[in-house]
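Everything below concerns the one structure shown next.
The values are calculated or read from the model by the stated rules, or taken from the named source; none is laboratory data. Predicted model, so just to flag it, every value in this text is computed and none were measured. When we count neighbours, we look across all protein chains shown, and the Cβ atoms used for this are built from the backbone with ideal geometry, even at glycine. The area values use the complete protein model at the heavy-atom level, side chains included, leaving out ligands, DNA and RNA. Shrake-Rupley method; radii C 1.70, N 1.55, O 1.52, S 1.80 Å.
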Amino acid sequence: MQTDNPLSALVERLLKDGHGRLFGQRSLRAGQIVYGGDEAADGDLLIVRSGRLRCFTSFEGKELTLYVLEAGDAIYLHGGAMLEVRTASDIVIATPTAFRQLALAEPELALAVLPALDRLAQKSIRMIEDIAFHGVKHRLIRVLCDTADRIGRPAEEGIVIDHLPNAEDFAMQIGATRQSVSTVIAELVRSGILYRFGGGSMVISDLGRLRRELADVR
């Protein structure tokens with residue numbers, strides 16, 4: 001399991017030190033939907049050991065991605081929580097009682113969980129601000145910049161993003177229609193900032209220019 005994240009490292013150590021009985025351990029397949037009310041009681045803590053999950057909300061057939069969870073991320077579950085497993089994942093779940101026992105055994109666990117929860121809160125706040133105050137182009141460029149920072153790899157051509165999310169995924173992530181996202185992507189391709197690289201990858205030819213676009217576009 002990935003352990004370059006402080007919370008991930010602590011969870012792995014607790015599992016190896018015999019505290020695994022306090023965690024509910026699950027392996028999830030890609031495409032599976034996890035409903036908070038079905039999987040756990042309100043207040044249970046879910047920590048991602050590996051893989052990627054999408055937390056989303058849905059209303060009248062429309063979906064909005066709230067955030068993406070990866071190894072080292074944590075979320076408190078509740079009855080309305082909905083998670084889509086994007087890649088095969090391993091998770092652990094701790095009830096409030098179990099978490100208190102774990103925190104007593106490893107006090108640093110509580111300190112590691114707080115920043116993980118704060119990251120998700122900050123993502124939610126930024127998403128609300130973007131939807132309220134910025135247009136589709138601004139929101140999409142911000143996500144492209146964030147994606148480049150998170151998983152982009154430098155290459156001679158620019159920053160390569162392998163397995164780029166499709167227009168529908170981006171639309172759910174920024175609260176827009178697929179058509180409006182496709183229109184913005186086509187505009188960025190025509191301007192030379194983006195281009196297809198093959199195999200589902202895309203290149204940001206000039207990340208600095210893309211960031212300047214973000215500053216100029218509302």
Checklist line | the chain: angle of helix 178-190 to the longest principal axis, Cα-based, in degrees nearest 10 | finding: 60 degrees
Next item on the list: Could you provide, to the nearest whole Å², the per residue accessible area of the chain with probe 1.4 Å?
Entry: 51 Å²
Notebook entry, point to check: PRE reach from LYS16 (point 7 Å along Cα→Cβ): which of segment 66-82 fall under 17 Å by backbone N?
Noted result: 72
Check: the chain: longest stretch without exposed GluC sites (Glu not before Pro) (DSSP loop, at most 14 other Cβ within 10 Å), sites themselves excluded?
Finding: 61-155
Next item on the list: Tally up the carbon and sulfur contribution to the accessible surface of the chain as a whole percent, 1.4 Å probe, everything protein left in place.
Entry: 52 percent
Next item on the list: Enter the Cα centre distance for the pair segment 63-116 and segment 140-196, rounded to the nearest angstrom.
Entry: 28 Å
Next item on the list: Could you work out the local net charge near GLU84, counting Lys and Arg as +1, Asp and Glu as -1, over the other residues with Cβ closer than 10 Å to its Cβ?
Entry: +2
Item checked: Extension gain (nm, one decimal) between LEU104 and ARG178, 0.36 nm per residue minus Cα-Cα -> 21.9 nm
Note to self: If R₀ is 30 angstrom, what is the calculated FRET efficiency for the pair GLU60 and LEU117, using the beta carbon separation as r and rounding to 0.05?
What the structure shows: 0.55
